[in-house]
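Data first, discussion second: the structure below is written as structure tokens.
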Amino acid sequence: MKKVIKYILVSIFALMIIAGGFYIWSEQTFKPSDELYALVGKGNITKENGFVTFEPTKTKKVGIVLYPGAKVEPEAYGYYAKELSKEGYTVVIPNVRFNFALFDKNKAMEAKDTYPEVKKWYVAGHSLGGVAASAYAYENPKEVEGIILLGSYPSDSNDFSKMKVPMLSLYAEHDGLSTVEKIMKTKHLLSKEANMHKIAGGNHGQFGVYGKQKGDNEATISTKKQQEEMIAVTKKWLNQNGD
């Protein structure tokens with residue numbers, strides 16, 4: 001009996017160490033760079049109700065929930081969000097548990113409740129944030145107008161090939177994490193209405209503005225140039241969808 005108790009106590013202690021280690025690791029985040037604040041301005045970043053929010057001056061009553069990549073702070077997507085908000089879109093970037101969007105994939109539902117004036121919602125996500133956005137859209141197809149993937153792709157369990165949901169996949173030539181090869185291998189999971197756009201010279205980290213990321217390749221274009229291309233392509237796609 002003593003051995004059993006000892007085994008249980010050792011197991012609990014080991015789990016506590018593992019959980020504590022994961023928490024510490026998850027809090028070592030990718031923070032927005034000085035370039036992000038230069039582009040957006042700290043005073044223009046609004047944090048409310050668990051979201052970093054960019055609201056338009058004149059709203060289209062269309063919103064975008066942008067799920068951040070793993071361990072990337074929401075503000076790092078502020079330039080992309082701010083520029084889309086100038087076109088009339090409400091863009092909200094959620095704070096997610098342990099800085100992993102997969103733990104909070106239903107944040108889009110919270111956004112819908114928090115901003116009732118917005119009548120139509122898109123979901124978007126970078127890297128693992130795109131996996132979370134896709135999972136939410138797959139489970140709640142009537143709640144979303146479309147999906148925007150930034151250096152990302154759906155998981156195998158979320159096959160959109162027989163669904164009519166509009167999708168935009170932005171991927172980068174030098175992405176070292178969501179590589180072009182991975183994007184092409186998962187292309188069959190996208191809907192038939194999907195549009196794909198390759199950013200020549202871009203990489204994984206420059207889908208946000210937070211600096212270099214381990215495992216990524218060097219970009220041959222600037223962060224701002226990649227961001228501007230993302231913004232232009234996204235605007236055009238949203239307009240084509242009637243929004």
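The values are calculated or read from the model by the stated rules, or taken from the named source; none is laboratory data. The shown structure was predicted, so the numbers you read here are calculated from the model rather than taken from an experiment. No Cβ is skipped: glycine too gets one built from the backbone with ideal geometry, and neighbour counts run over all protein chains shown. Note: areas computed on protein heavy atoms with side chains; ligands, DNA, RNA excluded. Shrake-Rupley method; radii C 1.70, N 1.55, O 1.52, S 1.80 Å.
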## Note on the structure
Everything considered on the Cα gyration tensor (a ≥ b ≥ c; rounded for a/c under 1.5, else prolate if a/b is larger than b/c, else oblate), the stretch 89-207 must be described as prolate
### Task
Could you tell me which label, among (1) 15; (2) 34; (3) 58, carries the value of percent of Cα pairs over 35 Å apart calculated for this structure?
(1)
### Summary
Sequence order, the stretch 67-81: Karplus ³J(HN,Hα) from phi using 6.51 cos²θ - 1.76 cosθ + 1.60, θ = phi - 60°, Hz rounded, Gly and Pro as x, gives 7, x, x, 4, 6, 9, 6, x, 4, 5, 9, x, 5, 4, 5
### Query
Amide H of Y122: which non-local residues (sequence gap of 5 or more, or other chain) have their own amide H closer than 5 Å, using H built in the peptide plane?
G63, I64, V65, E145
### Query
Which far-off residues, 5 or more places away or on another chain, put their amide H under 5 Å from the one on I199, with H placed in the peptide plane?
Y171, A172, E173
### Task
Only Cα pairs under 8 Å and at least 6 apart count here; give the relative contact order of the stretch 163-243 as a rounded whole percent.
32
### Task
Provide the per-residue ³J(HN,Hα) series for the stretch 43-52, in order, calculated from phi with Karplus coefficients 6.51, -1.76, 1.60 and θ = phi - 60°, each as a whole number of Hz, with x at glycine and proline positions.
x, 9, 9, 9, 10, 7, 6, x, 10, 8
### Query
Amide H to amide H, which residues 5 or more places from G69 or on other chains are under 5 Å from it, using H placed in the peptide plane?
H126, G129
### Task
Any chance you could check the Cα centroid distance between the stretch 56-132 and the stretch 189-243 for me, in angstrom?
16
### Summary
Going residue by residue through the stretch 162-167, the Karplus relation 6.51 cos²θ - 1.76 cosθ + 1.60 with θ = phi - 60° gives ³J(HN,Hα) values, rounded to whole Hz and with x marking Gly or Pro, of 9, 10, 9, 5, x, 9
#### Entry: Solvent-accessible area, 1.4 Å probe, carbon plus sulfur percent, for the stretch 33-174
47
### Relative contact order of the chain, defined on C-alpha pairs under 8 angstrom at six or more residues apart (%)
16
### Task
Enter the accessible area per residue of the chain (Å², integer; probe 1.4 Å; all protein chains in place).
50
### Query
Ranked highest first by average number of other Cβ atoms within 10 Å, how do 48-55, 176-183, 235-242, 120-127 line up?
120-127, 48-55, 176-183, 235-242
